[in-house]
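Remarks on the structure that follows.
The values are calculated or read from the model by the stated rules, or taken from the named source; none is laboratory data. Source: prediction; values computed, not measured. A quick note on method: Cβ atoms are made from the backbone with ideal geometry, for glycine too, and the neighbour counts reach across all protein chains shown.
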Amino acid sequence: MFSRWFGERPKVIKAIGRVFVIFGFFNMFYAFFANIKKEGHRIRSPMTAAFALFLGLLVLGMLKKYPFAVPRTSLFFCPFLFLLTIDAITSLKKFNKYIFTLMHVAYVVFLAAVTFGIASNVFSGDLGTLATLWK
């Protein structure tokens with residue numbers, strides 16, 4: 001669901017996007033449970049709010065009270081997940097400097113490729129709802 005944000009085709013973009021988004025999801029759970037105690041059981045940071053927002057959107061979508069479950073959830077939640085992914089990759093520096101450098105460079109290259117693909121779509125006038133980065 002969240003890899004759609006980067007592009008629909010080619011499928012390799014979605015697959016690579018999922019790899020990086022996994023870091024964001026793990027960080028979402030970790031940051032929530034680590035920060036909620038520090039913040040006195042209140043939501044005071046975007047890192048803590050991300051899990052609460054995700055849980056709320058998930059529950060409302062399952063109860064059919066939120067009519068735009070998949071496309072709107074990915075549209076509005078992706079900035080949070082993007083922030084969490086960057087934070088997770090940055091926190092790898094504490095774990096291992098070489099893994100951090102590898103993941104950081106890979107993510108920058110991935111984002112640059114997606115940016116140029118989306119820009120080429122915009123400049124060619126193809127503004128469809130499903131982003132095809134390379135034809």
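In the set Pro71, Pro67, which member is under 30 Å from Ser120 (Cβ atoms), out of contact with any Asp or Glu (no Cβ under 7 Å at 6 or more places or on another chain), surrounded by fewer than 13 Cβ atoms within 10 Å (Cβ to Cβ) and modelled with pLDDT under 80? When all the criteria are applied, what remains is Pro71. Determine which single condition Ala112 fails, assuming it passes every other condition in (1) surrounded by 14 or more Cβ atoms within 10 Å (Cβ to Cβ); (2) at pLDDT 85 or above. Ala112 satisfies every listed condition except (1). A single member of Leu92, Leu102, Leu58 is modelled with pLDDT under 85 and among the aliphatic types (A, V, I, L, M), and it is Leu58. Residues in the stretch 10-32 that are closer than 12 Å to Tyr107 by Cα and free of Cβ contacts under 8 Å to residues at least 60 places away in the same chain: Arg18, Val19.
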